[in-house]
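Taking it in order: structure first as structure tokens, then the write-up.
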Ligand code: PMP
């Protein structure tokens, strides 16, 4: 008799379930459009050429200290450069920040959730409907109630800003946390316009909500790092809001398994930043002690070398332009097949994903009849499409919606 036999059953995250089913399928033309992982046009993982160069530099240095522990807050050249990428050069204002190197974006979300729960005691955290499923997990684990603000309108295939603002105005309480996707919203591929972002910042100010940006796709929305950082910079530049950012380099440097990320907190005073630094370090010490070295050194090498940085921009462009081409190819194929409905949203959406509008029944049909694996929500990862499978996927979708 085990002490654990009374545990209830927790199902696998839908992404992992989908992957398992896909792996067990022997059909030759099977396609998976699940997780947000970049693949090249041969469906293969892609190590960025810039990352290879940075690895060579690190390995050639043969630094005997390369496997030593980092400080609790991680590799400073990395988290400082990561912060500059988001906020630009900060001068004196840097004293009002706490930046910590974390276990990728998930680690940054998690550390942020622990710290904001401890310091703000929010009555709730507000996430977009829909959002990245792990937001529910992460905030649930720290014991903060997760509430949803309206975001995606299925009928408009667009943002429901009025409903979003109205819900926050009427139902959110001062001190609540609001999670915002900095760019390339997962799962919808739909970002607010600059005018809409200003209205969202207005409501955060009026209602005293604490903005926590999740920034997992910097560079993947517009292909331009500064443009993609616009929302974060706008909130920051108003000078009236304190805020936090969970930043990931999993996608934009292809460093998925290396777990490279940062948590940044901007406070209204250097004194507050110094106190927050102690609390955040305490939480990090109790959970991971210190973060791992290699990925952060790769990222820092790229971010701090002017030449490698320029080359990285080209790598980013290669990934984003392939994704844009695949969006167009999928839409054009659906149009040429005369597939019922309008498919323009596939091209207007940005980042790695498209919220296709396929219903759960249609998703089940493409899986059962054509071996195309898509999450129940109808979200597809465009990076899973290639010149050789895009027609097949369009045909599968066409058959399912008729
Ligand atoms: N936030 C969002 C919205 C994401 O989509 C992801 C990746 N799927 C992450 C955070 C974190 O990813 P990672 O921990 O691999 O950096």
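What follows is calculated from the coordinates using simple rules that are stated; it is not laboratory data. These numbers come from a predicted model, not from an experiment. Using ideal geometry, Cβ is built from the backbone for each residue, glycine included, and neighbour counts are taken over all protein chains shown.
When the test is whether a residue is within 14 Å of the ligand (Cβ to nearest atom) and touching a helix residue (DSSP H, G or I) at 6+ places or on another chain (Cβ under 6 Å), residue 296 passes it.
Yes/no per residue for (1) within 15 Å of residue 176 (Cβ to Cβ); (2) more than 15 Å from the ligand (Cβ to nearest atom); (3) crowded, with 19+ Cβ neighbours inside 10 Å; (4) free of Cβ contacts under 8 Å to residues at least 24 places away in the same chain:
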| site | (1), (2), (3), (4) |
| --- | --- |
| 97 | no, yes, yes, no |
| 106 | no, no, yes, no |
| 127 | yes, no, yes, no |
| 131 | no, no, yes, no |
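Residues in segment 26-46 that are in a loop (DSSP other than H, G, I, E, B), surrounded by 13 or more Cβ atoms within 10 Å (Cβ to Cβ) and more than 15 Å from the ligand (Cβ to nearest atom): 5 in all. Please work out if residue 231 is touching a helix residue (DSSP H, G or I) at 6+ places or on another chain (Cβ under 6 Å), without any contact (Cβ under 8 Å) to a residue 60 or more places away in the chain and either under 24 Å from residue 302 (Cβ atoms) or surrounded by 24 or more Cβ atoms within 10 Å (Cβ to Cβ) (or both). Yes; evaluated as a whole, the condition is true for this residue. Among the residues that make up segment 67-81, is at least one of them assigned to a helix (DSSP H, G or I), touching a residue at least 24 places away in the same chain (Cβ under 8 Å) and farther than 22 Å from residue 306 by Cβ? Checked against the condition, which is being assigned to a helix (DSSP H, G or I), touching a residue at least 24 places away in the same chain (Cβ under 8 Å) and farther than 22 Å from residue 306 by Cβ, segment 67-81 yields no hits at all.
Considering only residues in segment 190-221 that are surrounded by fewer than 18 Cβ atoms within 10 Å (Cβ to Cβ) and assigned to a loop (DSSP other than H, G, I, E, B), the one that is nearest to the ligand (Cβ to nearest atom) turns out to be 193.
Scanning segment 229-258 for residues that are assigned to a loop (DSSP other than H, G, I, E, B) and more than 9 Å from the ligand (Cβ to nearest atom) returns 229, 238, 239, 240, 241, 242, 252, 253, 254. Does residue 263 meet the test of being within 22 Å of the chain's Cα centre (by Cα), in contact (Cβ under 8 Å) with a residue 12 or more places away in the chain, surrounded by 18 or more Cβ atoms within 10 Å (Cβ to Cβ) and more than 16 Å from the ligand (Cβ to nearest atom)? So residue 263 does not fit the description; no. Determine, yes or no, whether residue 15 is within 16 Å of the ligand (Cβ to nearest atom) and under 23 Å from residue 285 (Cβ atoms). When the stated conditions are applied, residue 15 does not pass them. Put simply, of 274, 289, 269, 281 the only residue that is farther than 10 Å from residue 104 by Cβ, away from the ligand (no atom under 14 Å from the Cβ), over 23 Å from the mean Cα position of the chain (by Cα) and without any contact (Cβ under 8 Å) to a residue 12 or more places away in the chain is 274.
Scanning segment 138-180 for residues being in contact (Cβ under 8 Å) with a residue 24 or more places away in the chain, in a helix (DSSP H, G or I) and within 16 Å of the ligand (Cβ to nearest atom) gives a total of 3.
Would a scan of segment 113-122 turn up a residue that is within 15 Å of the ligand (Cβ to nearest atom) and either in contact with a helix residue (DSSP H, G or I) (Cβ under 9 Å, 6 or more places away or on another chain) or closer than 22 Å to residue 256 by Cα (or both)? Scanning segment 113-122, I find at least one residue that is within 15 Å of the ligand (Cβ to nearest atom) and either in contact with a helix residue (DSSP H, G or I) (Cβ under 9 Å, 6 or more places away or on another chain) or closer than 22 Å to residue 256 by Cα (or both), so the answer is yes.
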